[in-house]
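Input: a single structure, listed below in structure tokens.
The values are calculated or read from the model by the stated rules, or taken from the named source; none is laboratory data. This structure is a prediction, so every number in the text was calculated from the model and none was measured. Methodologically, a virtual Cβ is constructed for each residue, glycine included, from the backbone with ideal geometry; neighbour enumeration extends over all protein chains shown.
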Amino acid sequence: MPARSGGDEEGGEGLSWEVTISGFGGQGVLFIGRLLLEAGFAGGQQVSWLPYYSGEKRGGMCTCFVNISDERIGSIFISHPDVGVAMNPAAYKMLEPTVKQDGLLIVNESLVKTKSQRPDIKTIYVPSVEAARELGDETVGNIIALGAILASAPVVTTSSIIKVLNQMMSKNKRQLELNKAALLKGCEYS
Amino acid sequence: MSERTLMGGNIAIAEGAILAGCGAYFGYPITPQNDLLEYMAQQLPALGRVFLQTESELAAINMVYGASATGVRAMTSTSSPGFSLQQEGISYMAGAEAPCVIANIMRAGPGLGNIGGAQGDYMQCTRGGGHGDYYLLTLAPSSVQEMMDLTMLAFELADKYRNPTLIMADGFLGQSVESIVMRDAVKKLPEKKWAITGAKGRPKNLINSFEMNPLDHPARIKLLLEKFERMRINEVRYESMLLDDATIVLVAYGSAARAAMTAMKLARKRNWKVGLLRPITVFPFPNQPLADLAERGCKFLVAEMSGGQMLEDVRISVGNQNEIKLVNTYGGVPLTADQIFESIDLMM
Amino acid sequence: MSEHGVNDLQNVIYQRPDIMVDRATHFCPGCGHGITQRLVGEVLDELDLKERAICIGSIGCTVTAYEYFKVDGMEAPHGRAPAVATAIKRCHPELVPFAIQGDGDLASIGMAEIVHAAARGENITIIFANNANYGMTGGQLAPTTLMGMYTSSTVKGRKQEHHGFPIRVSEMLATLDGPAYIARVSLHNPANVRKARKAIELAFRAPMAGLGLGLVEVLSMCPINWKVEPVQSLDWMVKNMIPQFPLGEFKCLPEVAEMKKVVKG
């Protein structure tokens, strides 16, 4: 019988990150997940990216699960992330109770007015809309949130994200510079 | 070629099909597999192969039938409601022994259900699905890499057995992106002397499921049944993880198997003897390996995103002596490692 | 046979087309399908298509058409012949797929497939046998059943308020841009059979030239289900069928009209 048997992949203690980003469709939730995915992949790690959304293309709930790991990835769905990014109140309601102990929660302060009561996690409040407006373009609020992740959790390096941006936006210098500036601005929140 | 790349699950099926020499794709838009159809629309014409967006899933499967009858490697992809519509054509193809590959990227049913991933078509996929005595070889990938690899295998097996072969994946897997290793293109496709290519220098060929004399029909079905028996003997595929010392065996496929893998790791951290048997073929089902584990006295936890459909196959394999539990979600909700872990905890 | 002197005749004026298998048909006495198949056989011979034609049997009385021709063939599910033919032609442009479809097959369950194949301008040939009822299943109401007509499922006759109206397929499909040639013919007398033969040849020639779909609607006798004698069925056709389904060409691209010069008869 040509059965495939295998893997003695005992639950080793390789480095792995589970990141959940959630918000409205159109806030760039999937895109910053994609940047993490690309950067993790470029770093030679195992990665997975799973979008999860309602039917609408804009304005519905949109969540993105990213795994970055040194070893074979199990669940592509994440119930207790190491890092949660809550871009709107519904996302905050989902993520605030579920982020792992000692985990990181990034809260989009522009839309979420609640403060976390959890002492066992690190919470960073980012006024993404106002901060993006300062850069002259409200659409990069998601990149600012991504910068805030990297400032507190070395999921991937900031330089690896910049490399991905360089590749993706090589034909649009203005867009590239704007995104880089947003990333660095996000890193200031820690 | 061993180039690593990032790829979406649905795209990996499309790429696997292209690498396997798929010469014709026919499909109808339905979420969550639209990117597969769109990718084929871009790629196949450029390769000089046939792509057609059809008026319905019915037309799609019947075009696959027509293409297959001419010896071309042909496929369609769809999601649950569309797969139901295609049962007519699939039954005809099984009866006429016309090989093809169908990818069913399952969503929640019944009826319109919703667009969330699900595994509720298990019975339909593993029991033939349409009318008459037949089965589909059914492959259940659980990673993007397997979406590609099993699609390539599906074309090979379809031709080997002259039978429709199914890729049964859930919508979550279809939409996920992972890193995969690219495969080499199949260089030589099998010769098909039975195909209808014009009766040139040979007697005519016929592709049909009908016998003019009804008394001849049982003999035709007998040949089909013997073929399905050969599949049961030769084509069972599964992955086992940490089963050597396991007292609790998780049984899961598709994205549920990925959650089960994480749950198993959590359990192992507590030194609980939990292993995973992941069916890769669900028809034929790995009955014997499960029966062997039952013989050893294992308990079983079936994890699936349906009301408990694969559960029945596990019961058939295991019998009545061992404890069998179900942990599941349905209605388009992903199964999480947490849920599975809690169920393991209850069985300890 | 030779004792009757048939083989000694100097000039054979009527014989089975070479491409047809030497066997009796399974059709009922007086049925029009045998004539239609023979006309298709004559055209296949005329165009030398033995090595290129693919006969698609579509469900209904015509399903076993492939048994009667010495060409490759296959069986399509009920109504799906245009889809099957589409794929064959797209995968192998050198082949000449054709289907003989009944009225239930084409105009009821397979309406989507024929409309879209026609709209796409598929280069396939469809012979549409219209006998105003479901022959094979015992003579039920078809989309082409005439007003007031008795069938096994309209025992008080077809009534507008309950069953609606019959569909004129040729006229409807002729509104589309994809077809190259659409005609309705009848088999009720030799002159019309000859016209049918010409139309069928054009319905093969047009798609073979890449001009689009060729379709011939053949009004075909079904004496058993019309509950008349075979000979009476010819008059029944003239009296009842032709007024509802007028004969003629409904679509003929100029390039197809040009082909008429080379079509015999």
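Quick rundown of the values:
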read-out	value
In the range B:162-174, the residues that are within 11 Å of B:M147 (Cα to Cα) and facing chain A (nearest Cβ under 10 Å)	B:L173
All positions within the range B:67-85 that are more than 11 Å from chain C (Cβ to nearest Cβ) and part of a loop (DSSP other than H, G, I, E, B)	B:S79
Answer from B:L153, B:L189 - the residue that is in the same structural domain as B:D35 (by TED's automatic domain parsing), surrounded by fewer than 20 Cβ atoms within 10 Å (Cβ to Cβ) and of a type outside the set (K, R)	B:L189
First in the range B:100-115 and in the same structural domain as B:Q33 (by TED's automatic domain parsing), second anywhere and surrounded by fewer than 18 Cβ atoms within 10 Å (Cβ to Cβ) and in a strand (DSSP E or B), Cβ under 6 Å, 6 or more apart	B:A108/B:N114
Any hit, the range A:29-39, residues being at pLDDT 95 or above, more than 11 Å from chain B (Cβ to nearest Cβ) and closer than 18 Å to A:V112 by Cβ	yes
Residue in the range A:141-163 that is over 16 Å from A:L36 (Cβ atoms), surrounded by 23 or more Cβ atoms within 10 Å (Cβ to Cβ), at pLDDT 95 or above and under 15 Å from the mean Cα position of the chain (by Cα) present	yes
Residue within the range C:101-118 that is within 9 Å of chain B (Cβ to nearest Cβ) and in a loop (DSSP other than H, G, I, E, B) present	no
Residue within the range C:235-250 that is of a type in the set (K, R) and touching a strand residue (DSSP E or B) at 6+ places or on another chain (Cβ under 7 Å) present	no
Selection count, the range B:194-239, where residues are facing another protein chain (nearest Cβ under 10 Å), closer than 29 Å to B:A257 by Cα and surrounded by 11 or more Cβ atoms within 10 Å (Cβ to Cβ)	6
Top-ranked residue of the range B:240-279 - restricted to ones that are buried (at least 22 other Cβ atoms within 10 Å of the Cβ) and β-branched (V, I, T), ranked as nearest to the other protein chains (Cβ to nearest Cβ)	B:T262
Condition met for B:I115 (at the interface with another protein chain (Cβ under 8 Å from one of its Cβ atoms), outside any helix (DSSP H, G or I) and under 16 Å from B:G174 (Cα atoms))	yes
C:C61 surrounded by 24 or more Cβ atoms within 10 Å (Cβ to Cβ), under 22 Å from B:E88 (Cβ atoms), at the interface with chain B (Cβ under 10 Å from one of its Cβ atoms) and under 15 Å from the mean Cα position of the chain (by Cα)	no
Given (1) within 26 Å of B:Y28 (Cβ to Cβ); (2) within 14 Å of chain B (Cβ to nearest Cβ), number of the condition C:G73 does not satisfy	(1)
Whichever residue in the range C:84-93 is over 14 Å from C:G57 (Cβ atoms) and at the interface with another protein chain (Cβ under 8 Å from one of its Cβ atoms) and, among such residues, is nearest to the chain's Cα centre (by Cα)	C:T86
Looking only at the range B:285-311, and only at residues there that are within 10 Å of another protein chain (Cβ to nearest Cβ) and surrounded by fewer than 23 Cβ atoms within 10 Å (Cβ to Cβ), the one that is farthest from B:R127 (Cα to Cα)	B:P289
Residue that is farthest from B:G71 (Cα to Cα), among those in the range B:156-178 that are in a helix (DSSP H, G or I) and not aliphatic (A, V, I, L, M)	B:F172
Out of B:D133, B:D159, B:D184, B:D170, sole residue that is of a type in the set (D, E, K, R), within 12 Å of the chain's Cα centre (by Cα) and at pLDDT 95 or above	B:D170
Selection count, the range C:240-265, where residues are part of a helix (DSSP H, G or I) and over 19 Å from C:D103 (Cβ atoms)	6
Within the range B:244-348, helices (runs of 4 or more DSSP H) holding 2 or more residues that are touching a Ser or Thr at 6+ places or on another chain (Cβ under 8 Å)	B:254-269, B:287-295, B:337-347
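For (1) of a type outside the set (S, T, Y); (2) within 19 Å of B:A98 (Cα to Cα); (3) out of contact with any Ser or Thr (no Cβ under 7 Å at 6 or more places or on another chain), each residue gets a yes or a no:
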{"site": "C:A65", "(1), (2), (3)": "yes, no, yes"}
{"site": "C:A81", "(1), (2), (3)": "yes, yes, no"}
{"site": "C:A117", "(1), (2), (3)": "yes, no, no"}
{"site": "C:S152", "(1), (2), (3)": "no, no, yes"}
